[in-house]
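Structure, as structure tokens:
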Amino acid sequence: MQFTRPIPVRQFADHFNLKIIGNQDLMITGINEIHKVRPGDITFVDSQKYYHKSVYSSASAIIIDQITDFPEGKALLIADKPFEVYNQIARDHYPFQPVTSTTESDCTVGKNTIIEPNVIIGHRVVIGDDCYIQAGSYIGNDTVIGDRSIIQAGALIGTDAFYFKKENGRYIKWHSCGRVIIQNDVVVGAGCTINRGVSGETIIGEGSKLDSQVHLGHGVVVGKHCLLAAQVGIGGKTIIGDESVIYGQVGIAQNLHIGAGTVILAKSGVSKNLDGGKVYFGYPAAEAREKYKELAALRMMLEQEMYSKVY
């Protein structure tokens, strides 16, 4: 998430009574979790396992629970509970704002766009030209929908990220302040659920088509001209390359990269990155040709075992 204006890092330190190590003259332009950081961002880390990844990321300032080595020019803000500071910054600069009417007055709807009854449109939503939004859809705050896109009945767009941090035996909800961006000529099927990013953006690329009851987790990026069949579920921050085809009931884990032109056959489970331009099947998903060979070999073994018992 980008701030509306750059903020001195010293301002965060003073507000939360934190000690600064390093560059105290930094101007902070945004807040992001580690997977989404850019230069100018502030992020956090509270596990020594991820210290190096965080302090050597693109982030300019890191909220951390102890001093560690870090590159010149960056700043560490020392906090007892870095997550609580990070989450409060997100709340302070992107406060919770419920939808209180069917269509909020600060949304923008393009020309020739059709919006059927019982559609809920949140704050600062932008909908392009020649779109068709069917009855019963929910379009949450800050969602952007491009031209000529179709949102079918009952789709839920811009719902909160399913993202929690476990502390002292209970789960603490992260404040979602990211967006959903749907580019031109996209179809979102009936009953789909598309979560907003925690601090970044969930993106559906130009020309992509989603069947009914597809679920995209927070920060997922679907490339251009992809096809996702019914009941596909994609975990948070996973990237799907352009022109990929994902058949029904495929499950894809979080934080993965699926290469362009990938085909994943129905009911497969994807737990690791996949190279593009290939066909995959099974759980865990592997190249379909090899998977079929494995199944054939297993079937032959069972047949031989049964034959040996008879004779």
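Note on residue 74: lysines with a C-alpha under 30 Å away, same-chain residues under 8 apart excluded, are 19, 36, 49, 53, 165, 166, 173, 237. With Cα atoms defining each centre, segment 1-77 and segment 182-238 are spaced 30 Å apart in the structure. Working from Cα pairs under 8 Å separated by at least six residues, relative contact order for segment 2-93 is 27 percent. Proximity of backbone amide H atoms, modeled 1.01 Å from N, is registered between residue 172 and 165, 166, 167 at under 5 Å, excluding neighbours fewer than 5 places apart on the same chain.
Each Lys or Arg adds one and each Asp or Glu takes one away; over the other residues whose Cβ falls under 13 Å from the Cβ of residue 231, this sums to 0.
Residues in segment 133-140 carry Karplus couplings, in order, of 10, 7, 4, x, 7, 10, 10, x Hz; the curve used is 6.51 cos²θ - 1.76 cosθ + 1.60 with θ = phi - 60°, and Gly or Pro positions show x. Taking the chain as a Gaussian network of alpha-carbon nodes connected by springs under 10 Å, the highest mean-square fluctuation of the residues 278, 267, 19 belongs to 19.
Take every pair of alpha-carbon atoms less than 8 Å apart whose residues are at least six positions apart; their mean separation over the length of segment 108-288 yields a relative contact order of 11 percent.
Using C-alpha pairs below 8 Å separated by at least 6 residues, the relative contact order for the chain is 8 percent. Taken along the Cα-to-beta-carbon direction at a fixed 7 Å, the label points for residue 135 and residue 172 span 4.5 nm.
Where a number appears in this text, it was derived from the coordinates with a stated rule and is not lab data. Note that the structure is a prediction, hence the values are computed from the model and not measured. Virtual Cβ from ideal backbone geometry, glycine too; neighbours counted across all protein chains shown.
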